[in-house]
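Novice: Before anything else, here's the structure in question.
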Amino acid sequence: MCEKCKGNYYITTPIYYPSAKLHIGHAYCTVATDTMARFKRLQGYDVMFLTGTDEHGQKIEDKAKEAGVTPQQFVDNIVTGEKGVLDLWKLMNISYDRFIRTTDDYHVSAIQKIFKKMYENGDIYKGKYTGKYCKPCESFWTESQLVDGKCPDCGREVQDAEEEAYFFRLSKYADRVQDLLENTDFLEPRSRVSEMVNNFIKPGLEDLCVSRTSFTWGVPVDFDPGHVVYVWIDALFNYMTALGFENDKYQDLDKFWPADVHFIGKEIVRFHSIIWPAMLMSLNLPLPKKVYGHGWLLLDGGKMSKSKGNVVDPYVLSQRFGVDALRFFLLRSFPFGSDGNFSNELLINTINVDLANDLGNLVSRTVAMAQKYFGEHLPAEQLADEEKDAELIAMVSGLRDVYEAQMEKYAFQNALAEVFKVISRANKYIDENAPWVLAKSEENKPRLARVLYNLLETVRICGGLLSPFMPDTAAEIGKRLGGAAMDWDSLKVFGTLAADVATVAGNPLFPRIDLEKELAALEELHKASAEPQEDPLPEPLPEITFDQFEKVEMTVVKVLACEKVKKSDKLLKFTLDDGTKEPRQILSGIAKYYQPEELVGKTLVAVTNLAPRKMMGQMSCGMLLSAERGDKLNLVMLSDNIPAGSRLV
Ligand code: MSP
């Protein structure tokens, strides 16, 4: 620890899946973490703020395949490419100290060592996995954990899975983890504790499957080729490998571990409050001091998605409203521990009321009056009026402590509410003291100077306390007060500014936004971004000879019956009349595009000399012809007067 520092402080965000563009919900946690990190630096701590990307797993492998690139190229593009994760954090003024990518070599080899250690100490063993797998969440579930047969985290369909796999003895740590959750402040908010204990621990904590063989994009288990380490083991240990655990790249483990807090979203609390401590217990490592599971930003009460009429792209929002306004809005409008409903209207109203009206006006009016009545410097000769000044000064002097108490509880919204109480009080103080009336007579000038001084001091202290939330705005406020002190100690002391403080005029900090016009503009933007893009033409195939073409048998078929294939959301099973006496069965992955009943009786075209193959345990003898482009698919249909069995020529 450095001599002047208050201590070390280690805070982390979840590392992001670079499987899609980040939306404002993703930015929420990182902005909160950044605010906390800046607050701790302001207090005088030596801070390590870690963020990064979680780049392995089947989802990434699949997406890369879809995009026709390697998984590494795919993640590189989303992380380091234009408007990628790194660009976004830069834009949003995220002051991280370290950025980890789970594909970094030092992390990969550290994960291999960690996995081996747990294997050698007997907490990882080889077994057979049968169960359910949720692909989007990369999570394994037992039958009893499913909710209505679906993934309990995201509510989506799960798939059957069976394979040889390694398991972690999670069950062995059930009692210790339960004790940790129930009898310490490890997990907050407390409401999440009962959810974990009742839903996951009490029904019986089963051992966790921690390796996969069905895909390759992961950290290889070095002592058993073919297995890759379960992505959550790989991901969770980032918090330690990024400090140098089991690698030589960094040497900060002693200084910063255990972490002071992991900020995470509510849907990944299970991983952080059950699996993570259990693995650390297995390795006899100190546990993080706290895990805080924040709420979600919702759209119309549901998940963020592009289709819901609001612009949620943090790039667009920052561009239109400014980064500080956006950062402020996220932490001012929603209690951190609970869900909140995001809307563009709420964003604009918050900017207008809090930033343009209350804060912006206070700063503009105060500085403008100081300049108008006294020029660059306030006069040092000032006249206090204890009765009229007492309430404001008391509030401002006490502000740092009440703000700090809220910040220590991660109650960002309450901390901001305390600051804005003072800002409102200061605006009222202007009206009570009517500087424009005092300015009319020369003898009132010392009183006028004192009124303006009190206001400038209020602006300084509020500006300083807002700096973790709005770093650029705080710096601008400091500039307007002639480079005023905004360090932690000075934010407690009313009267820090020199009496003859110099002020600097400037434009309004937050211009008022015309709500109706802006909403209409955003609506247009939303429509434009939602407009379907023309999908590129498929690549031409190599030429074939006429002989080759003639070998494909294309036959007219009539649909006798059609039904969905159980346990598959893609496949339809067709029973077809192909002109022979025997009905022909074909499975086709078109359930997304057609209802089975609408196809019965239709005349279609099938390739009938294709080698039969098994899909989901059923035979498929041929292939129905269809045309596909982007998200559209049309079966090739003929008019009914052509009999089944006719050949296409
Ligand atoms: N890769 C894992 C985390 C591994 S940490 C060892 C992951 N990544 S994620 O990209 O899917 O999500 C990152 C974070 O964004 C999570 O904490 C998640 O809760 C948060 N959010 C995603 N959508 C959100 C909202 N709509 N609102 C608030 N936070 C949300 O999970």
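Novice: In segment 331-346, which residue that is over 29 Å from residue 184 (Cβ atoms) and within 12 Å of the ligand (Cβ to nearest atom) is surrounded by the fewest Cβ atoms within 10 Å (Cβ to Cβ)? Explain how you work it out, then say what you get.
Specialist: Just the residues of segment 331-346 that are over 29 Å from residue 184 (Cβ atoms), to begin with: 332-333, 341-346.
The next check asks that each one be within 12 Å of the ligand (Cβ to nearest atom); those that pass are 341-342.
Values: 341: 14, 342: 25.
Per the criteria, the residue is 341.
Novice: Quick one: which residue in 322, 302 is small (Gly, Ala, Ser), within 12 Å of the ligand (Cβ to nearest atom) and farther than 24 Å from residue 235 by Cβ?
Specialist: The match here is 302.
Novice: Then there's this: With respect to residue 133, determine if the residue is under 25 Å from the mean Cα position of the chain (by Cα) and in a strand (DSSP E or B). Walk me through how you get there before you give the answer.
Specialist: Numbers: under 25 Å from the mean Cα position of the chain (by Cα): yes; in a strand (DSSP E or B): yes.
Here the answer is yes, as residue 133 does meet what is asked.
Novice: When you go through 312, 229 one by one, which is the residue that is within 14 Å of the ligand (Cβ to nearest atom) and either within 22 Å of the chain's Cα centre (by Cα) or surrounded by fewer than 21 Cβ atoms within 10 Å (Cβ to Cβ) (or both)? Full working, then the answer.
Specialist: Details: 229 fails: either within 22 Å of the chain's Cα centre (by Cα) or surrounded by fewer than 21 Cβ atoms within 10 Å (Cβ to Cβ) (or both).
After ruling out the rest, the residue left standing is 312.
Novice: Go through segment 83-94 and give me each residue that's in contact with a Pro (Cβ under 8 Å, 6 or more places away or on another chain) and either closer than 16 Å to residue 472 by Cβ or of a type in the set (Lys, Arg) (or both).
Specialist: 91, 92, 93, listed by residue number.
Novice: Name the single residue, out of those in segment 460-487 being of a type outside the set (A, V, I, L, M, F, W, C) and part of a loop (DSSP other than H, G, I, E, B), that is least open to solvent (accessible area, probe 1.4 Å). Please lay out each step first, then the result.
Specialist: At the first step, the residues of segment 460-487 found to be of a type outside the set (A, V, I, L, M, F, W, C) are 460, 463-464, 467-468, 471-473, 476, 478-480, 482-483, 487.
Narrowing further to those that are part of a loop (DSSP other than H, G, I, E, B): 467-468, 482-483, 487.
On the way: 467: 28, 468: 1, 482: 49, 483: 61, 487: 76 Å².
The selected residue is 468.
Novice: Now a separate question. Just a yes or no: is a residue in segment 50-68 part of a strand (DSSP E or B) and more than 15 Å from the ligand (Cβ to nearest atom)?
Specialist: no
Novice: Could you give me the residue pairs with C-beta distances under 8 Å whose first residue belongs to segment 330-351 and is closer than 15 Å to residue 302 by Cα, whose second residue is among the small types (Gly, Ala, Ser) wherever it lies, and which are 6+ apart or on separate chains?
Specialist: 338/295; 339/295; 340/295; 340/333; 341/301; 342/25
Novice: Is it the case that residue 383 is touching a helix residue (DSSP H, G or I) at 6+ places or on another chain (Cβ under 6 Å) and outside any loop (DSSP other than H, G, I, E, B)? If you could, list the steps in order and put the result at the bottom.
Specialist: Working: touching a helix residue (DSSP H, G or I) at 6+ places or on another chain (Cβ under 6 Å): yes; outside any loop (DSSP other than H, G, I, E, B): no.
No; evaluated as a whole, the condition is false for this residue.
Novice: In segment 286-309, how many are in contact with a Lys or Arg (Cβ under 8 Å, 6 or more places away or on another chain) and open to solvent by 40 Å² or more (accessible area, probe 1.4 Å)? If you could, list the steps in order and put the result at the bottom.
Specialist: Of segment 286-309, the ones in contact with a Lys or Arg (Cβ under 8 Å, 6 or more places away or on another chain) are 293-296, 299-300, 302.
Then keep just the ones that are open to solvent by 40 Å² or more (accessible area, probe 1.4 Å); that gives 296, 300.
Residues flagged as in contact with a Lys or Arg (Cβ under 8 Å, 6 or more places away or on another chain) and open to solvent by 40 Å² or more (accessible area, probe 1.4 Å) within segment 286-309 amount to 2.
Novice: Right, something else. Any residue in segment 348-366 that is within 16 Å of the ligand (Cβ to nearest atom) and open to solvent by 10 Å² or more (accessible area, probe 1.4 Å)? Give the steps one after another, and end with the answer.
Specialist: So in segment 348-366, the residues within 16 Å of the ligand (Cβ to nearest atom) come out as none.
The answer is no; no qualifying residue exists.
Novice: Does residue 218 meet the test of being assigned to a loop (DSSP other than H, G, I, E, B) and surrounded by fewer than 24 Cβ atoms within 10 Å (Cβ to Cβ)? Explain how you work it out, then say what you get.
Specialist: Numbers: assigned to a loop (DSSP other than H, G, I, E, B): yes; surrounded by fewer than 24 Cβ atoms within 10 Å (Cβ to Cβ): no.
Spelling it out, it is not the case that residue 218 is assigned to a loop (DSSP other than H, G, I, E, B) and surrounded by fewer than 24 Cβ atoms within 10 Å (Cβ to Cβ).
Novice: Scan segment 237-257 for residues that are of a type outside the set (Phe, Trp, Tyr) and in contact (Cβ under 8 Å) with a residue 40 or more places away in the chain and jot them down.
Specialist: Let us first name the residues in segment 237-257 that are of a type outside the set (Phe, Trp, Tyr), namely 238, 240-244, 246-249, 251-255.
Those that are of a type outside the set (Phe, Trp, Tyr) and in contact (Cβ under 8 Å) with a residue 40 or more places away in the chain: 238, 240, 241, 242, 243, 246, 247, 248, 249, 252, 255.
Novice: Go through (1) in a helix (DSSP H, G or I); (2) touching a strand residue (DSSP E or B) at 6+ places or on another chain (Cβ under 8 Å) for residue 179 and report which single condition fails.
Specialist: (2)
Novice: Among the residues of segment 33-46 satisfying the criterion of being touching a strand residue (DSSP E or B) at 6+ places or on another chain (Cβ under 8 Å) and crowded, with 22+ Cβ neighbours inside 10 Å, which is farthest from residue 74 (Cα to Cα)? Don't jump to the end; show me each part of the working.
Specialist: From segment 33-46, those touching a strand residue (DSSP E or B) at 6+ places or on another chain (Cβ under 8 Å) are 33-34, 36-37, 40-41, 45-46; that's our starting set.
Okay, now just the ones that are also crowded, with 22+ Cβ neighbours inside 10 Å, so 33-34, 36-37, 40.
Numbers: 33: 27, 34: 27, 36: 32, 37: 30, 40: 36 Å.
Filtering first and then ranking leaves 40.
Novice: Just one of 187, 283, 253 is aliphatic (A, V, I, L, M), within 15 Å of the ligand (Cβ to nearest atom) and either within 21 Å of residue 115 (Cβ to Cβ) or open to solvent by less than 20 Å² (accessible area, probe 1.4 Å) (or both); which is it?
Specialist: Values: 283 fails: within 15 Å of the ligand (Cβ to nearest atom); 253 fails: within 15 Å of the ligand (Cβ to nearest atom).
Of the residues listed, the single one that is aliphatic (A, V, I, L, M), within 15 Å of the ligand (Cβ to nearest atom) and either within 21 Å of residue 115 (Cβ to Cβ) or open to solvent by less than 20 Å² (accessible area, probe 1.4 Å) (or both) is 187.
Novice: Which ranges mark the strands (runs of 3 or more DSSP E) fully within segment 538-601 that have 3 or more residues being open to solvent by 70 Å² or more (accessible area, probe 1.4 Å) and of a type outside the set (Phe, Trp, Tyr)?
Specialist: Values: elements: 554-564, 572-577, 584-588.
It comes to 554-564.
Novice: Please work out if residue 47 is modelled with pLDDT of 95 or more, away from the ligand (no atom under 16 Å from the Cβ), outside any loop (DSSP other than H, G, I, E, B) and under 21 Å from residue 264 (Cβ atoms).
Specialist: On the way: modelled with pLDDT of 95 or more: yes; away from the ligand (no atom under 16 Å from the Cβ): yes; outside any loop (DSSP other than H, G, I, E, B): yes; under 21 Å from residue 264 (Cβ atoms): yes.
Against the criterion (modelled with pLDDT of 95 or more, away from the ligand (no atom under 16 Å from the Cβ), outside any loop (DSSP other than H, G, I, E, B) and under 21 Å from residue 264 (Cβ atoms)), residue 47 qualifies.
Novice: Moving on to the next point. Checking residue 193 against (1) in contact with an Asp or Glu (Cβ under 9 Å, 6 or more places away or on another chain); (2) closer than 30 Å to residue 7 by Cα; (3) surrounded by fewer than 19 Cβ atoms within 10 Å (Cβ to Cβ), only one condition comes out false. Which one?
Specialist: (3)
Novice: Right, another one. Starting from segment 413-441, take each residue that is more than 15 Å from residue 369 (Cβ to Cβ) and list its partners that are of a type in the set (S, T, N, Q) and open to solvent by 10 Å² or more (accessible area, probe 1.4 Å), counting only C-beta distances under 6 angstrom and pairs at least six apart or across chains.
Specialist: Correct list of pairs: 414/406; 415/406.
Novice: Among what's in segment 4-20 and is within 11 Å of the ligand (Cβ to nearest atom) and not aliphatic (A, V, I, L, M), pick the residue that is surrounded by the fewest Cβ atoms within 10 Å (Cβ to Cβ). Break it down into steps so the answer makes sense when it comes.
Specialist: Within segment 4-20, the subset within 11 Å of the ligand (Cβ to nearest atom) is 12-20.
Narrowing the set further to residues that are not aliphatic (A, V, I, L, M) leaves 12-14, 16-19.
Values: 12: 27, 13: 25, 14: 23, 16: 21, 17: 22, 18: 24, 19: 17.
Filtering segment 4-20 for residues that are within 11 Å of the ligand (Cβ to nearest atom) and not aliphatic (A, V, I, L, M), the one surrounded by the fewest Cβ atoms within 10 Å (Cβ to Cβ) comes out as 19.
The values are calculated or read from the model by the stated rules, or taken from the named source; none is laboratory data. Everything numeric in this text was worked out from a predicted model, so none of it was measured. For neighbour counting, all protein chains shown are included, and Cβ atoms are generated from backbone atoms with ideal geometry for every residue, glycine included. When the accessible area is computed, the model is the full protein with side chains, heavy atoms only, and any ligands, DNA or RNA have been set aside. Shrake-Rupley method; radii C 1.70, N 1.55, O 1.52, S 1.80 Å.
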